Amino acid sequence: MPEIIIKNATKRFGNVVAIENLDIVIEDKGFVTLLGPSGCGKTTTLRMISGLESPTDGDIYIDGKLVFSSSKGIDLPPAKRNVGFLFQNYALWPHMTVEKNITFGLENLKWGKADTKHRVDELSELLRIEDMLERYPNELSGGQQQRVAIARTLAPNPKVLFMDEPLSNLDAKLRIEMRAELKRLHLETNSTFVYVTHDQLEAMTLSSRICLMKEGRVQQYAAPLEIYNHPTNCFCAEFVGNPTINLIDVECCKDDPEDIQLVSEDFHFYFKPVSGLPTLRKGAKFLLGLRPEHISLTENGTIKSNVYSTLPSGMETIVIIRIKETYLTSVVFGGLDFKVDSEIGMSLSSDNYFLFDKSSGSLITAGSLSVDQKYSGEP
Amino acid sequence: MPAVHRVKTLLRKPENVILLCLLIILTYLILLPLFSIVGDTFKVHSSELMRIKGSETGDFTTYHWKSIFIGKYSRNIFYKPLINTALVAITTCFIAIVLGGIFAWLVTRTDIQFKKLISSLFILPYIMPSWTLAMAWLNFFKNTYVGAPGFFTALTGIQTPDWFAYGFFPITVVLGLHYAPFAFILIGGILRNMDANLEEAAQILKAGRWRIIRKITIPIVLPAVLSTILLVFSSAMSAFAVPAFLGSPVRFQVLTTQLFRTLNGMSPGYGFLIALVMIVIGALILTVNQILVGKRKSFATVTGKSSNISLVNLKKIRTPLSIILLVFLLLITIVPLITFAVESFMVSSGSLTAENFTTMFWNGEGRPDVLSGEPGILRNKYIYIGLWNSVRLSVLVSLLAGSIGLLVGYAVVKKRGTVGANTLDRLSFFPYLLPSMAFGAIYLSMFAVRRGFIPSLYGTFAILVLIGTVKYLPFASRAGINAIFQLGREIEEAAMIFGVSWWKRMVKIIIPIQKAGVLSGFLLPFISSMRELSLYILLVTPSTKILTTMLFQYNEKGWDQYANAIILFIVLVVISLNLVVNKVTGASIDKGIGG
């Protein structure tokens, strides 16, 4: 079972800490995405697992085998780890034809002629590159190069496949197409995929689990919807989801667990936790997180707001509303549009609004909200 | 009259005017002389009247062609020097590529120590004039065959054999060392910019270290290596000073030395023909290079992020190897300079006793019994004239070539893809492939007489400026094209929208932003001209002497002390200037193309 275990891995470049105490288990046949803003250490993590980079500290197991251990002095080269790696810029060898690119790895494994031929046929059919085998990489389009790179990586049947932002060099339409292809490929090849991206949508749509990283540390390691619906902190809530979650600065003005009251510059909120009774200190500062789809706009909404700007896309419309000095983003499904500067009612009917600690960013609890009429209204 | 309007609209754009003017001027200065030299090979010259019986100066004759290619003496006049040239060029290529390639690989791909120092020392032989090492070789290894022995014999008492001291062997070693940095820069650049993922991909697919080098690294570097080979080949072929210094004691002739002899002697017709042959070879090399670069699997995109390339661990040999490389580099860079200094203080070389040392070659008034009473360098007015001429020439060449190069860059980039731009691009690069001495011969032939409104220029300072400018235009135009190209068109267009005039756009926007690139377009011609010998040697007259040609004369007369003092001086000027400009602007000669 090619399960990958990373224990306490740390990587320093000189004085700069790229990865700090990384601890994750990537389950067999999973499709795990390393997600995060640029410079968060996701590519370094991938390169450490594949053996292209050596961690400063820690242990790495692939398929039960210890491939790196700083304490035992073990550091297997990439060739001994039985992995495949798909590079961001494909790294196709420009002086070899497509076929040569694909067979190079098989030659290294001393495959016979017949087997090699069979494998090339199989892969070129799977990836629809049959007509290009005699061409050179610079004679192919970006999408074609991408598929050749995948074929080259898959050729020796690696049980673990690493991908470093493989779709980032493609145009938007092709990217969506290739996303679906990759997901199918994952099922067909029956192998473990580890995927690096900074595109949250790609991570959400592809993965079985997302490892969300920031500044070399894991922020949350969970299934995509779990991260979306139950982020562990403010960073996760903000990074995942498009349009971005609304965050409002609030201060606790009544700390009775049964009757929590929060004030912002323009609002007075009553917060009711879905479960448990958190203890909040009066005067403490928090961030209130409201997903755009949890802000409903209706004619008879209780809170009066003004339409500041609208972005209709056919299937949904993103509306930015203004209430006094607070701007909120809302999503309305269906082909609706609103007149800019017109008045519209708003209501908060979900029970999954997040309350984050302002200084640490960590999630306190989720709950439902109601707004005091006295403070809202008059925009 | 729509046609007239069209022309008017075209000429309203500065880039079109510049393109047109440059095409006309460069055609006149580069292409036309080629025809002139062909004519000269069919002409009877005044000094040849004795041999070509019954002819008058200027008559049509096939005498030169016949005697060079099929005549009784063709073997000695032409074929032997040709073969020598080919052998020297091939061996030089081999030495330069192997040495430069190994150094480049060590510096970019291993954990060798002193990388910075090694890189900057390795570039030095290329920044210094090529004959620096030739002179140093003579200082060290000359034997009593031509007079006083060198340091080696003086210190060890061992007489160096002729083959070691003069001729083919030292010529190829010296030229190889001189062009190795060129290979180092080009191959190193490719290795540094080559996407490390290309090698890592092979590593993941279980290819061994050696197989990766053989199957991935070398094939990808190969086109650059081939280009380097061709450029080194053509440079080595046109080298004059090194074979002149090291070959003449044993009468080892190559095409350039033969060209110099015949043009300065009694048979200029031969000389022009030899020059023509060299030009044809140069043009062939350009064509081959173009074909290679334009091949199907060209390597336009081998660059990428290569920040975290894993370096080869040299383990035990790391420190010894680092030290060996460093010592070797010191031997070919700093030690030669020391020999120049020491030699310039010695009455007769080869004797290291105290009374043999003197400062008279520097500040003496000149004694009638030593070297015809020539005063010491610091008191010698001819040296000062030569120095003044050298500096004046190089400054003018640099200003002219640099400005024209910038204009070429502007016109080529702005009109990218048009026939005019491509023609100008190639035309401005062409002088690079003309062997310097052959180019000198061309101008000698072209401007010896009045041409249209241009009077006869032979013997004037202007012809030196003209040829220097044209010869070094390739450096300047490459720098100009790069500078303008990197800038992108939007920057200038943003100013155009506001109605800023062309002149102001150049002076206030383009040049300030790209000052490092623009400056290297001025710097390269200056330094190259400062150390140039073979380009000017056919064209100088006693009143227009420059330092390098004086050095050559002193050397021919055997006045080694003066020659050594001058070479030391030129080298120091060139290196310190390079250093200063490098520090101030980041531009540097070693970033340019070879020469």
Checklist entry - Between B:Leu331 and B:Tyr73, what FRET efficiency comes out of the Förster formula 1/(1 + (r/R0)^6) with R0 = 45 Å and r the beta carbon distance, rounded to 0.05? => result 0.60
Checklist entry - With the Cα gyration tensor of the range A:274-379 giving a ≥ b ≥ c as the square roots of its eigenvalues, does the rule (a/c under 1.5 for rounded; else a/b larger than b/c for prolate; else oblate) give rounded, prolate or oblate? => result prolate
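Could you compute the FRET efficiency for B:Glu556 and B:Ile323, with r as their C-beta to C-beta distance and R0 at 41 Å, rounded to 0.05? Intermediate values should be presented prior to the final figure.
On the way: r = 40 Å, r/R0 = 0.97.
For B:Glu556 and B:Ile323, the calculated efficiency is 0.55.
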Checklist entry - Which angle from 0 to 90°, rounded to the nearest 10, does the C-alpha axis of helix A:98-108 make with the longest principal axis of chain A? => result 70
Checklist outcome for this item: Stretched fully, the stretch from A:Arg217 through A:Tyr327 gains (0.36 nm per residue minus C-alpha distance, one decimal, in nm) 36.4 nm
Checklist entry - Taking the Cα centre of each part, how many Å lie between the range B:20-50 and the range A:271-345? => result 83
Item to check | Choice from A:Gly36, A:Gly58, A:Gly367 with maximal GNM fluctuation in chain A (Cα, 10 Å cutoff) | outcome: A:Gly367
Checklist entry - Whole-Hz Karplus ³J(HN,Hα) for the range B:89-96, in order, using 6.51 cos²θ - 1.76 cosθ + 1.60 and θ = phi - 60°, x for Gly and Pro? => result 5, 5, 5, 4, 3, 4, 4, 4
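Rank these for me by crowding, B:Ile334, A:Ile6, going from fewest to most other beta carbons within 10 Å. Don't skip to the answer; put the middle values down first.
Working: B:Ile334 11, A:Ile6 23.
The fewest-first ordering by Cβ neighbours comes to B:Ile334, A:Ile6.
For every helix of n ≥ 4 consecutive DSSP H residues, a contribution of -39,500 (n - 2.57) applies; sum these over chain A, divide by its total residues, and give [θ] at 222 nm rounded to the nearest 500 deg cm²/dmol. Mind dumping the intermediate values first?
Working: 8 runs with 84 residues, N = 379.
After summing the helix terms and dividing by the residues of chain A, the value is -6500 deg cm²/dmol.
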Item to check | Separation of the B:Leu579 and A:Lys173 label points, Cα + 7 Å toward Cβ, nm | outcome: 6.0
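Using just the helices of chain B, give the 222 nm mean residue ellipticity in deg cm²/dmol: DSSP H runs with n ≥ 4 each add -39,500 (n - 2.57), and the total is spread over all residues, rounded to 500. Don't skip to the end; give the middle numbers.
On the way: 26 runs with 384 residues, N = 595.
My calculation for chain B gives -21000 deg cm²/dmol from helical runs alone.
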Item to check | Under 16 Å from the Cα of A:Lys11 - aspartates and glutamates, other chains or at least 8 residues apart | outcome: A:Glu20, A:Asp23, A:Glu53, A:Asp57, A:Asp59, A:Asp75, A:Glu215
Item to check | Cα gyration tensor category, rounded, prolate or oblate, for the range B:385-440 with a/c compared to 1.5 | outcome: oblate
Item to check | Kirkwood-type radius of the protein assembly as shown, with distances r between different C-alpha atoms, in Å | outcome: 34.1
Checklist entry - In whole Hz, what ³J(HN,Hα) sequence does the range B:546-560 give by Karplus (6.51, -1.76, 1.60; θ = phi - 60°), x for Gly and Pro? => result 10, 4, 5, 5, 5, 4, 4, 5, 4, 5, 5, 6, x, 8, 4
Next on the checklist: Projecting each Cα onto the charge dipole of the protein assembly as shown (Lys/Arg +1, Asp/Glu -1 at the beta carbon, about the Cα centre), which of B:Gly386, B:Ser403, A:Leu86 comes out farthest on the positive side?
Outcome noted: B:Gly386
Checklist outcome for this item: With a ≥ b ≥ c from the Cα gyration tensor eigenvalues, square-rooted, and the rule rounded for a/c under 1.5, otherwise prolate when a/b > b/c and oblate otherwise, the range A:124-202 is oblate
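First select every other residue whose beta carbon is under 13 angstrom from the beta carbon of B:Val17; then total the charges, Lys and Arg +1, Asp and Glu -1.
Counting the neighbours of B:Val17, the net charge comes to +4.
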Checklist entry - Under a no-solvent Debye model with one identical scatterer per Cα of chain B, what's log10 I(q)/I(0) at q = 0.06, 0.07, 0.10, 0.11 Å⁻¹? => result -0.34, -0.47, -0.96, -1.15
Item to check | In Hz, Karplus ³J(HN,Hα) per residue of the range B:516-532 (6.51, -1.76, 1.60; θ = phi - 60°; x = Gly, Pro) | outcome: 5, x, 5, 5, 5, x, 8, 6, 4, x, 4, 5, 4, 5, 4, 9, 7
Item to check | 5 angstrom amide H check on A:Leu161, placed H, neighbours 5+ away | outcome: A:Gly84, A:Thr192, A:Phe193, A:Val194
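Evaluate the relative contact order of chain A (contact order divided by residue number), counting alpha-carbon pairs under 8 angstrom at least 6 apart; express in whole percent.
Details: 826 pairs, mean separation 54.2, N = 379.
Dividing the mean separation by the residue count of chain A yields 14 percent.
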Checklist entry - So how much slack lies between B:Val288 and B:Tyr384, counting 0.36 nm per residue of separation and subtracting their Cα-Cα distance, in nm? => result 30.1 nm
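Give, rounded to the nearest 20 debye, the magnitude of the charge dipole that chain B has about its Cα centre when Lys and Arg contribute +1 at Cβ and Asp and Glu contribute -1 at Cβ.
Values: 52 positive and 23 negative charges, 385 e Å.
Using Cβ point charges on Lys, Arg, Asp and Glu, chain B gives about 1840 debye.
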Checklist outcome for this item: Tilt, helix A:113-126 to longest principal axis of chain A (alpha-carbon atoms), in degrees rounded to tens, equals 20
Checklist entry - Going toward the positive end of the dipole of the protein assembly as shown, with +1 on Lys and Arg Cβ and -1 on Asp and Glu Cβ, which of B:Met506, B:Phe252, B:Leu26 do you reach last? => result B:Phe252
Checklist entry - Based on the Cβ-Cβ distance of B:Thr62 and B:Ile25, what FRET efficiency does E = 1/(1 + (r/R0)^6) give at R0 = 30 Å, to the nearest 0.05? => result 0.35
Checklist entry - For A:Ser309, which sequence-distant residues (separation of 5 or more, or a different chain) have an amide H within less than 5 Å of its own amide H, given hydrogens modelled in the peptide plane? => result A:Ile320
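Would you mind working out the magnitude of the charge dipole of the protein assembly as shown relative to its Cα centre, with +1 at each Lys and Arg C-beta and -1 at each Asp and Glu C-beta, to the nearest 20 Debye?
Numbers: 92 positive and 73 negative charges, 804 e Å.
That gives the protein assembly as shown a dipole magnitude of about 3860 debye.
Where does chain A land on Rg/Rh, using Cα atoms and the Kirkwood Rh? If you can, show how the numbers build up before the last one.
Values: Rg = 25.2 Å, Rh = 23.5 Å.
Rounded to two decimals, Rg/Rh equals 1.07.
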Item to check | Amide H contacts of A:Ile74 (H built 1.01 Å from N, under 5 Å, at least 5 apart or other chain) | outcome: A:Ser69
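Between B:Ile511 and B:Ser47, 0.36 nm times their residue separation minus their Cα-Cα distance comes to what?
Working: separation 464, 0.36 × 464 = 167.04 nm, distance 5.07 nm.
Stretched out fully, the B:Ile511 to B:Ser47 stretch lengthens by 162.0 nm.
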Checklist entry - Using alpha carbon centroids, what distance separates the range B:474-537 and the range B:114-148, in Å? => result 33
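Read-outs: derived from the displayed coordinates by stated rules, not from any lab. Small disclaimer: the values here were computed from a predicted structure and weren't measured. Don't worry about glycine lacking a Cβ; one is built from the backbone with ideal geometry, like all the others, and counts go over all protein chains shown.
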